[in-house]
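Visitor: Quick one: the structure is below, questions incoming.
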Amino acid sequence: MDIETVLPSWDGELCSVRFDPETGAWFVIAVHSTRLGPASGGTRAMIYPSVGDAVADATRLAAAMTTKMAVAGLPMGGGKSVIALPAPRAALDGDRWRRILRVHAANVQQLGGTYITGPDIGTSSADMDVLRETTPWAFGRSAATGGPGSGAPATALGVFAAARAAVAEAGLGDGDGGVAGLRILVQGLGAVGARVAELAAEAGAELLVADVDAERCALAAARGVRVVPPSEVTRTRCDVLMPCATGGLIDGRVARTLPCAVVAGAANNQLADAEAALVLSRRGIIYAPDFVANAGGAIHLVGREVLGWTEDQVTRRTLQIGQTLRSVFADARTHGTTPEQAAHDLAARHLADAA
Ligand code: NAI
Ligand code: PHE
């Protein structure tokens with residue numbers, strides 16, 4: 001993947017790229033759209049095969065944030081930043097990581113509020129506290145410093161509401177979204193996935209989990225949960241597959257053999273290509289578009305930090321994700337399209353109204 005290929009096919013407003021020789025990190029900020037408000041989306045810090053791959057990830061994720069904000073009815077645009085790390089996060093000492101965060105904060109500050117960041121894979125509320133030493137444009141500071149903390153619990157709540165709506169659409173369980181007795185496979189036991197797994201178990205589902213982190217798997221196994229090897233996730237028979245790790249899990253080829261009835265998870269950009277949504281739909285597999293299902297974190301951060309909502313208001317709005325999805329599924333049925341397309345159409349209507 002190279003920048004010359006990625007950027008011409010991207011319809012965003014701005015993409016900044018910077019290299020910091022002192023730490024060896026690359027910094028990408030993608031501002032996709034400010035039509036509904038300042039562009040917002042988290043900071044992802046991980047290792048990438050190349051700078052082009054980092055730019056591709058940031059631009060794709062930023063576009064998904066525009067759609068997510070529009071569908072959730074939040075007054076924000078879409079953006080995302082990516083820090084391409086020179087070594088695994090765990091191998092970076094405290095000073096180097098703080099320097100990386102300071103450089104990123106300076107980049108965000110230079111955009112003067114056009115882009116507001118927040119936590120994502122590889123960054124936490126504590127990291128947002130560090131960014132806020134340099135720039136006011138970071139959501140999700142820790143509760144200890146007066147911030148609203150991570151949006152992960154809200155994301156998990158919304159994802160579970162989405163799974164219930166998709167289960168009802170698939171005619172599984174009690175027909176009303178109850179998941180008791182259904183086999184649910186959660187991929188990724190991080191901040192969101194671990195809570196999603198708890199909610200599924202509490203609701204009486206038969207729970208299966210997978211993670212590349214051996215410690216997280218061991219913890220789940222010690223609680224009597226069946227652990228599936230990460231490479232078997234898309235080959236394990238289940239009722240509901242919940243991708244809560246990184247994106248790109250399902251492409252057209254995987255979709256043709258995926259042995260489940262519902263896909264509903266937290267990961268951004270779960271579908272790796274345009275064919276995947278069509279194949280899933282043709283096979284009668286109900287897919288809850290990720291940018292609808294995982295909006296709880298955005299609702300939490302924007303609700304608390306921009307709109308002054310209470311936690312109760314955030315929870316109510318997050319649970320409405322289930323209702324939004326029910327109407328997306330109904331639209332898809334009416335127009336003979338995929339839920340992915342129906343959700344994109346909904347976002348396009350909101351964006352057109354704003355224009
Ligand atoms: P996290 O970094 O806390 O957890 C990710 C987990 O996935 C880790 O346990 C990791 O070991 C595991 N993992 C990575 N690759 C894997 C693989 N190939 N197979 C199995 N497990 C794998 O991230 P978090 O915050 O839980 O987010 C999960 C996903 O949800 C991400 O894609 C994120 O972008 C998305 N998301 C998160 C939101 C939030 O509020 N935290 C909001 C909206 C989306
Ligand atoms: N990174 C999360 C997401 O993809 C949470 C987030 C939302 C961070 C909005 C910043 C702004 O939804």
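What follows is calculated from the coordinates using simple rules that are stated; it is not laboratory data. All of these numbers come straight from a predicted model, not from anything done at the bench. Here the Cβ positions follow ideal geometry from the backbone for every residue, glycine too, while neighbour counts run over all protein chains shown.
Visitor: Percent relative contact order of the chain, based on C-alpha pairs within less than 8 angstrom and at least six residues apart?
Guide: 15 percent
Visitor: So for each of 157-168, 303-314 I average, over its residues, the number of other beta carbons within 10 Å; can you give me the resulting order with the highest mean first?
Guide: Sorting 157-168, 303-314 by mean packing, highest first, produces 157-168, 303-314.
Visitor: Now for a different question. For segment 200-355, what D do you get in µm² per second when you plug the Kirkwood radius from alpha-carbon pairs into Stokes-Einstein at 10 °C and 1.306 mPa s?
Guide: 93 µm²/s
Visitor: About the Cα centre of the chain, what is the dipole size in debye to 20, counting +1 per Lys and Arg Cβ and -1 per Asp and Glu Cβ, all else neutral?
Guide: The dipole magnitude comes to about 300 debye.
Visitor: Please give the charge dipole size of segment 166-213, origin at the Cα centre, charges +1 on K and R Cβ atoms and -1 on D and E Cβ atoms. Round to the nearest 20 debye.
Guide: Dipole size: approximately 60 debye.
Visitor: I've got another one for you. Give the share of C-alpha pairs in each 10 angstrom bin for segment 29-79, from 0 to the last occupied bin, in whole percents, shortest bins first.
Guide: 30, 47, 20, 3
Visitor: Please state the relative contact order of segment 1-62 as a whole percent: Cα pairs under 8 Å, 6+ residues apart?
Guide: 42 percent
Visitor: Can you give the local net charge around L185? Use residues other than it whose beta-carbon is closer than 12 angstrom to its beta-carbon, Lys and Arg +1, Asp and Glu -1.
Guide: After counting each charged neighbour, the total is 0.
Visitor: Something else now. Find out how many positive minus negative residues lie around G248, taking Lys and Arg as positive, Asp and Glu as negative, among other residues whose Cβ is under 14 Å from that of G248.
Guide: -3
Visitor: So, one more: Most fluctuating residue of V108, V263, V227 in a GNM of the chain with Cα springs under 10 Å: which is it?
Guide: Judging by the Gaussian network model, the answer is V227.
Visitor: Something else now. If you build a Gaussian network model of the chain, linking Cα atoms that sit under 10 Å apart, which residue out of G296, G73, G336 swings the most?
Guide: It is G336.
Visitor: For segment 209-227 and segment 25-63, compute the distance between their C-alpha centroids and round to whole Å.
Guide: 31 Å
Visitor: Also, quick follow-up: Using the beta-carbon distance between R282 and F19 and R0 = 45 Å, what value does 1/(1 + (r/R0)^6) give for FRET efficiency, to the nearest 0.05?
Guide: 0.50
Visitor: Rounded to the nearest 500 deg cm²/dmol, what is the calculated helix-only ellipticity per residue at 222 nm for the chain, with -39500 (n - 2.57) per DSSP H run of length n ≥ 4?
Guide: Only helices count here, giving -14000 deg cm²/dmol.
Visitor: If one computes P(r) from the Cα atoms of the chain, what percent of pairs lie at distances over 29 Å?
Guide: Of the Cα pairs, 37 percent sit more than 29 Å apart.
Visitor: Let me ask something else about it. What ³J(HN,Hα) values, in whole Hz, does the Karplus curve 6.51 cos²θ - 1.76 cosθ + 1.60 give for segment 113-119 when θ = phi - 60°, with x put for Gly and Pro?
Guide: x, 5, 10, 10, 9, x, x
Visitor: Going by average Cβ density within 10 Å per residue, which order do the peptides 39-51, 231-243 take, highest to lowest?
Guide: 39-51, 231-243
Visitor: Give the calculated FRET efficiency between A222 and A355 to the nearest 0.05, with a Förster radius of 56 Å applied to their Cβ-Cβ distance.
Guide: 0.55
Visitor: Between 0 and 90 degrees, rounded to the nearest ten: what's the tilt of helix 94-110 against the longest Cα principal axis of the chain?
Guide: Taking Cα atoms only, the helix is inclined about 90 degrees.
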